[in-house]
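To start, the structure under review is shown below, and the notes come after it.
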Amino acid sequence: AICVLRSSSEQVSSLHTQYAMLCLHARCLQHSLAVIDHPITSVLNGTNPIEICTYNYYRGMIYMGLERYADAIECYRRVLSQPTAIAHQVHIDAYQRISLLNLIVYGETFNAKLAGVGTVVCRYIEMEENRRVQQEGLQSMQDGTWMEEVGAAGGALFENPNKWHGDLMSAWETN
C-alpha cells in the first residue's frame with residue numbers, strides 16, 4: 001500500500017508511521033529497511049506533522065535496534081528540530097534517546113541549542129532539567145544526604161570558616 005500511494009520513494013505518508021510501528025512490534029527490523037532507508041523529501045497530502053515526527057522517532061528506534069547509531073541520532077535530531085507549537089511526548093522520548101546515544105557513540109552530552117532543536121522543545125527540555133535538579137535537591141534534603149554532599153564538597157568551609165574568609169578577602173584585595 002505504501003508503494004502504491006506515494007509518487008516517489010522519498011515521499012512519506014501516515015502509512016509509513018504505522019508500518020514502522022508494526023515492524024518494531026514484530027521485531028522485523030531488517031525487513032523495514034526497504035521502506036525507511038530512503039530520505040524524506042516530500043509529504044503526501046493529508047499527513048499530519050506529528051505523524052512525520054513519530055515516523056522519524058520510530059525510524060530512530062529501528063536504527064538503534066540494528067545498531068546503526070549515527071542514523072538513529074540523525075532521526076532523533078529531525079524529531080527535535082521539526083517546528084512545533086507545543087512539546088509532545090515524542091519530543092521528550094527522542095531527547096532522552098539522543099542524549100543516551102550521544103554519550104555512547106561520541107562520549108559527550110547532547111547540546112540541544114547547538115543541534116538546531118526547536119525553541120519550544122528547547123525550553124521544555126530546560127524546564128524539565130531544572131525540575132529534575134530541584135527534585136533531587138529536595139529529595140536529598142528529605143532523606144538527610146544533603147549534609148554528606150555539602151560536607152564532601154565544602155568540608156573545609158565548615159572545619160575552618162576563618163580560613164575561608166581570609167582566602168576570600170585576599171582574593172578580593174588582589175583584584
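The values are calculated or read from the model by the stated rules, or taken from the named source; none is laboratory data. What you are looking at is a predicted structure, and each value in this text was computed from that prediction instead of being measured. When we count neighbours, we look across all protein chains shown, and the Cβ atoms used for this are built from the backbone with ideal geometry, even at glycine. Side chains included, ligands, DNA and RNA excluded: accessible areas come from the protein's heavy atoms. Shrake-Rupley method; radii C 1.70, N 1.55, O 1.52, S 1.80 Å.
Accessible area of region 67-138 with a 1.4 Å probe: how many percent of it is carbon plus sulfur?
Within region 67-138, the accessible surface is 53 percent carbon and sulfur.
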Checklist entry - If packing is taken as the mean number of other Cβ atoms within 10 Å per residue, what is the order of 50-57, 132-139, highest first? => result 50-57, 132-139
Checklist entry - For ALA34 and TYR106, FRET efficiency with R0 = 35 Å and r from the beta-carbon atoms, rounded to 0.05? => result 0.75
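Sort 20-32, 80-92 by the packing proxy (mean of other Cβ within 10 Å over each peptide's residues), most packed first. The partial results should precede the final answer.
Details: 20-32: 14.3, 80-92: 16.0.
Packing order, densest peptide first, comes out as 80-92, 20-32.
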Item to check | Separation in nanometres of the label points that stand 7 Å from Cα toward Cβ, at LEU66 and ASN45 | outcome: 3.2 nm
